[in-house]
Every structure is written in structure tokens, then in C-alpha cells.
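**Q** Next up is a structure, given as C-alpha cells.
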Amino acid sequence: MSFGDVAIDEIRPTRCLPGRSLLTGLLANALGLEHREVVALDRLQDRLRFAARLDEAGISVVDYQTAEIRKDDPLWTTHGLPAERAGGDQSYTGPVLRYRHYRADAAVTVALTLVPSEETPDLATVEAALRRPERPLFIGRKSCPPSRPVFAHSVEADSLVAALDALSDADQAALIETEDDPGEPAGRRVVEVADRRDWQLGLHAGQSRRREVRRQPIGAREP
């Protein structure tokens with residue numbers, strides 16, 4: 001899996017936990033939304049509230065990629081039909097170089113909701129879409145299909161972190177990031193995460209404030 005962080009030149013790093021635009025894209029793909037439906041994508045991103053827990057850190061994998069790409073080379077899509085490449089001719093005068101970072105053998109649990117809850121799509125629609133997605137799903141990149149169905153359970157809870165706690169192993173330490181919203185635990189610190197996407201321009205262009213919470217096993221002392 002890959003949870004895109006700020007990219008510099010040919011380096012494409014990953015965080016340990018997913019961000020807002022990744023989850024928006026995952027839900028949108030399951031719902032069958034198209035890239036051109038930018039108003040719906042922006043609204044889905046704005047309504048999304050989530051907490052993510054790192055259950056297994058896994059290991060870091062870096063894939064060095066180089067390819068000679070022409071403008072008329074087709075792009076693979078989840079629709080099953082090839083797409084055309086954008087950009088001018090000068091975009092294809094040399095090899096494309098990338099260092100793509102991944103997390104292998106990692107496990108992450110996400111609790112999410114949509115605010116306001118009465119808007120379309122609602123949580124019931126999202127649950128149905130995740131159970132039977134309109135298109136194949138992937139975790140961050142198209143080369144990263146999930147190893148099992150992504151939907152686990154519906155949970156009623158007073159906060160996003162409480163929803164994660166309802167599914168947690170009390171004997172296991174865990175890193176959690178949640179919304180910097182009233183009702184969520186205070187956490188150890190607040191971090192700025194570059195995880196918002198401008199769906200009209202197709203660029204990452206915005207940050208979210210996230211609270212970092214560290215759960216300790218029962219009986220463990222805070223370091």
C-alpha cells in the first residue's frame with residue numbers, strides 16, 4: 001500500500017497512515033464516480049471525517065522505476081478502456097524516473113463517517129458500495145489492490161477514536177491519527193498533513209490538522 005506524502009521531483013514518499021484524498025478516491029471509486037465529477041468529489045472530501053490506526057507497521061519498500069513513454073501510449077484504467085495521455089510533446093522527450101515508496105505487510109484500520117449524515121451519499125450507500133464496488137479498488141496506487149474486502153463493520157460510537165477502540169486489541173500499542181475536532185481525544189500533538197486534493201485541477205492542494213493519539217497496552221506506562 002502507499003499513502004502519498006509530499007512529492008519532491010522524482011521521489012514519491014509514503015506516510016504510515018492514509019490521508020483524506022486517498023480515502024475520498026477509494027470511496028469515489030467504489031461508488032462509481034468519474035474524475036470529471038469534481039463537484040461531487042470535492043463535497044465528498046469535505047464531508048469526510050476519519051481516524052486511522054496503524055495496527056502493523058510493516059516494512060518500507062522503494063521501487064525505482066524508469067520508462068520511456070510516448071504521448072500515444074495508452075493509460076490503463078479501472079474502466080477496462082484505455083485513456084489518452086495529457087501534456088505537450090515536451091513532456092515525452094526523455095525517460096520518466098521515479099522512486100516510489102510503499103508499505104509492505106502493513107495493516108491499517110480506518111473509522112470514517114460523513115458530515116452531515118443526511119446528504120447523498122449517506123453511510124448506508126457507502127457501505128453497500130464498499131461491499132460491492134463499482135470498480136476495482138486499490139490502496140494508494142493501482143498496483144496495490146487490497147488483500148481482502150476493505151469493509152469490516154458498522155459501529156456506533158461517540159467519537160472516531162472510540163469507534164476504533166471498539167475494534168482494537170487492548171493488549172496492543174497503536175498509533176492513531178484522528179480529526180482535530182471537538183469530541184475527539186486530546187492526543188499528544190497536532191500535526192499538519194498535506195492530504196487534500198483539488199479535484200478540478202487534479203493536484204494536491206491543501207492540508208488537514210490531525211491529532212496524534214498513542215494507545216498503550218493495558219498496564220503499560222506512558223513513556
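The values are calculated or read from the model by the stated rules, or taken from the named source; none is laboratory data. Predicted, not measured: the structure shown is a model, and the values here were computed from it. Methodologically, a virtual Cβ is constructed for each residue, glycine included, from the backbone with ideal geometry; neighbour enumeration extends over all protein chains shown.
**Q** Kindly check whether there is at least one residue in the stretch 185-195 that is at positive phi, assigned to a loop (DSSP other than H, G, I, E, B), in contact with a Ser or Thr (Cβ under 9 Å, 6 or more places away or on another chain) and surrounded by 12 or more Cβ atoms within 10 Å (Cβ to Cβ).
**A** Yes, the stretch 185-195 has at least one match.
**Q** Could I ask something else about it? So which of ARG103, ARG36 ends up being in a strand (DSSP E or B) and either of a type in the set (S, T, N, Q) or at negative phi (or both)?
**A** ARG103
**Q** Right, next: Here's a check for you: in the stretch 202-213, which residue that is in a strand (DSSP E or B) and surrounded by 14 or more Cβ atoms within 10 Å (Cβ to Cβ) is modelled with the lowest pLDDT?
**A** HIS204
**Q** I need a count of the residues in the stretch 105-127 that are closer than 25 Å to ASP55 by Cα and either exposed (fewer than 13 other Cβ atoms within 10 Å of the Cβ) or more than 17 Å from the chain's Cα centre (by Cα) (or both).
**A** Going through the stretch 105-127 one residue at a time, the tally reaches 2.
**Q** What's the total number of residues in the stretch 49-96 that are at pLDDT below 80, of a type in the set (A, V, I, L, M) and in contact with a helix residue (DSSP H, G or I) (Cβ under 8 Å, 6 or more places away or on another chain)?
**A** 1
**Q** Here's something else I'd like to know. Return only the number of the condition from (1) at pLDDT 95 or above; (2) of a type in the set (Gly, Ala, Ser); (3) part of a loop (DSSP other than H, G, I, E, B) that GLY140 does not satisfy.
**A** For GLY140, the failing item is (1).
**Q** Could you check, for the stretch 60-74, whether at least one of its residues is in contact with a strand residue (DSSP E or B) (Cβ under 6 Å, 6 or more places away or on another chain), surrounded by 13 or more Cβ atoms within 10 Å (Cβ to Cβ), at negative phi and in a loop (DSSP other than H, G, I, E, B)?
**A** Looking through the stretch 60-74, at least one residue is in contact with a strand residue (DSSP E or B) (Cβ under 6 Å, 6 or more places away or on another chain), surrounded by 13 or more Cβ atoms within 10 Å (Cβ to Cβ), at negative phi and in a loop (DSSP other than H, G, I, E, B).
To keep it simple, each residue is scored yes or no on (1) among the basic types (Lys, Arg); (2) part of a strand (DSSP E or B); (3) closer than 30 Å to ALA163 by Cβ.
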| site | (1), (2), (3) |
| --- | --- |
| LEU23 | no, no, yes |
| ASP46 | no, no, yes |
| ASP55 | no, yes, yes |
| ARG85 | yes, no, no |
| THR109 | no, yes, yes |
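**Q** Applying the selection to the stretch 144-180, what residues are under 25 Å from VAL193 (Cα atoms), polar (S, T, N, Q) and either surrounded by fewer than 12 Cβ atoms within 10 Å (Cβ to Cβ) or touching a helix residue (DSSP H, G or I) at 6+ places or on another chain (Cβ under 7 Å) (or both)?
**A** Once the filter is applied, which keeps residues that are under 25 Å from VAL193 (Cα atoms), polar (S, T, N, Q) and either surrounded by fewer than 12 Cβ atoms within 10 Å (Cβ to Cβ) or touching a helix residue (DSSP H, G or I) at 6+ places or on another chain (Cβ under 7 Å) (or both), the stretch 144-180 yields only THR178.
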